[in-house]
Amino acid sequence: MIILLYIYALAIALFSIGLAGIAVDRHLVVIMLAVELMFVASSIALIGYFSYGATANPGAVVMLFAIFAVAAVEIIAVIAFYIYMKHNRIEFDVTKLSRLKW
């Protein structure tokens, strides 16, 4: 059986990589994928906690489904931003997003 420490180490490593991706890069798609990686890390930590023997209460299960729902909506938003910015020939640099004003 995998020790819970290894699962948490994996979750912390993935979360750290996502945080570094947000801090370092200015590309919109990379930032959104880094946030997605942080969602995956939190899901791994929650699933690892409950698979190790803790009883799953309904609030935690709802929180896990909420994490998955937000991650799915985020991917849809990334695809929509990408198509819009590619169609209008806007650079993917986050510092230049002021061109998206209505």
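The values are calculated or read from the model by the stated rules, or taken from the named source; none is laboratory data. Computed from a predicted model, the values in this text were never measured in an experiment. Neighbour counts are summed over all protein chains in view; Cβ atoms, including those assigned to glycine, are modelled from backbone coordinates with ideal geometry.
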TODO: Among the numbered conditions (1) outside any helix (DSSP H, G or I); (2) modelled with pLDDT of 85 or more; (3) of a type outside the set (Val, Ile, Thr), tell me where residue 91 comes up short.
DONE: (2)
Open item on the list: Checking the conditions here, which among 15, 65, 39, 50 is surrounded by 14 or more Cβ atoms within 10 Å (Cβ to Cβ), without any contact (Cβ under 8 Å) to a residue 24 or more places away in the chain, over 22 Å from residue 95 (Cα atoms) and hydrophobic (A, V, I, L, M, F, W, C)?
Closed with: 50
Task: Filter result (farther than 21 Å from residue 8 by Cβ and touching a residue at least 12 places away in the same chain (Cβ under 8 Å)) within segment 23-36 - done: 26, 27, 28, 29, 31, 32, 33
TODO: Specify the residue that is surrounded by the fewest Cβ atoms within 10 Å (Cβ to Cβ); the eligible residues are those in segment 18-36 that are charged (D, E, K, R) and farther than 20 Å from residue 69 by Cβ.
DONE: 26
Open item on the list: Looking only at segment 37-64, filter to residues that are part of a helix (DSSP H, G or I) and polar (S, T, N, Q); which one of those is farthest from residue 9 (Cα to Cα)?
Closed with: 51
Task: Of all residues in segment 78-88 being of a type in the set (A, V, I, L, M) and surrounded by 11 or more Cβ atoms within 10 Å (Cβ to Cβ), the one that is modelled with the highest pLDDT - done: 79
Task: Where a residue in segment 84-102 is more than 22 Å from residue 23 (Cβ to Cβ) and its partner, wherever it lies, is part of a helix (DSSP H, G or I) and modelled with pLDDT under 70, with Cβ under 6 Å and at least six apart - done: 90/99
